[in-house]
Amino acid sequence: MNTRQNQARLAGLLYLIIVVTGIINLMYVPSQLIVWDDASATNTNIVASETLFKLGILAAIICYTTFLFLPIVLYRLLHTVSKNSAIWMVVLALFSVPFSFSNILNKVNVLTLIDKTDYIAVYTQESLKAILIFITTGFKCSPFFGDYGSFPSVIWCLNQVFFQKFWAYF
């Protein structure tokens, strides 16, 4: 096998890891635990299934850490085709990762809020629910910032000769 095939396989493996962990993190865990209009129900669900919530955090860490390496592998694979597009893909993909990691920090903050230690006791239940609503709204914003890395990939594909010939038939 040559180096390009190995790079392509590595990129495919990284995409697979991102897809599986992303589904757990962005779809499965929120659908099981978060009730978008009811902070009390969300709090109850997270307290009842704290392990599932922690699994979502672990999946997010794996997903976004893998997403750090994917643009670099794709750059090495695609820079010979269009160096400009490959550079923009790396820049925009790496730009989205800090937003995603800050969202993980919000999830860790939720774990702190549901903790039953003494320093949490100074807050009323209503204020804790308000903070929980504020933190969970960040969960909705994370996929938006993750899409910046995909845009150059789409532009790159549309600029290729194969796709230009393909679209010429329509």
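The values are calculated or read from the model by the stated rules, or taken from the named source; none is laboratory data. It should be emphasised that the depicted structure is a prediction, and the values quoted were computed from it without experimental measurement. So basically every Cβ, Gly included, is an ideal-geometry build from the backbone, and we count neighbours across all protein chains shown. Surface accessibility is based on the protein's heavy atoms, side chains included, excluding ligands, DNA and RNA. Shrake-Rupley method; radii C 1.70, N 1.55, O 1.52, S 1.80 Å.
For ASN109, are the conditions met, namely being more than 19 Å from ILE23 (Cβ to Cβ) and either modelled with pLDDT under 85 or not charged (D, E, K, R) (or both)? Before the answer, list the steps.
Values: more than 19 Å from ILE23 (Cβ to Cβ): yes; either modelled with pLDDT under 85 or not charged (D, E, K, R) (or both): yes.
Yes; evaluated as a whole, the condition is true for this residue.
Based on what the data block shows, is ASN84 under 23 Å from LEU16 (Cβ atoms) and polar (S, T, N, Q)? Can you show your working first?
Details: under 23 Å from LEU16 (Cβ atoms): no; polar (S, T, N, Q): yes.
So ASN84 does not fit the description; no.
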Condition broken by LEU10, with the remaining ones in (1) surrounded by 17 or more Cβ atoms within 10 Å (Cβ to Cβ); (2) touching a helix residue (DSSP H, G or I) at 6+ places or on another chain (Cβ under 6 Å); (3) not charged (D, E, K, R) satisfied
(1)
Subset of segment 59-115 (residues that are of a type in the set (Ser, Thr, Tyr), open to solvent by 20 Å² or more (accessible area, probe 1.4 Å) and either touching a residue at least 40 places away in the same chain (Cβ under 8 Å) or over 30 Å from VAL47 (Cα atoms) (or both))
TYR64, TYR75, THR80, SER82, SER85
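Output the residue which, of all residues in segment 68-116 that are of a type in the set (D, E, K, R) and in a helix (DSSP H, G or I), is farthest from GLY56 (Cα to Cα).
Residues of segment 68-116 of a type in the set (D, E, K, R): 76, 83, 107, 115-116.
Checking the rest, the ones that are also in a helix (DSSP H, G or I) come to 76, 83, 107.
Values: ARG76: 31, LYS83: 36, LYS107: 9 Å.
Looking at residues that are of a type in the set (D, E, K, R) and in a helix (DSSP H, G or I), I get LYS83.
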Count - residues of segment 21-50 that are free of Cβ contacts under 8 Å to residues at least 24 places away in the same chain and within 18 Å of LEU68 (Cα to Cα):
1
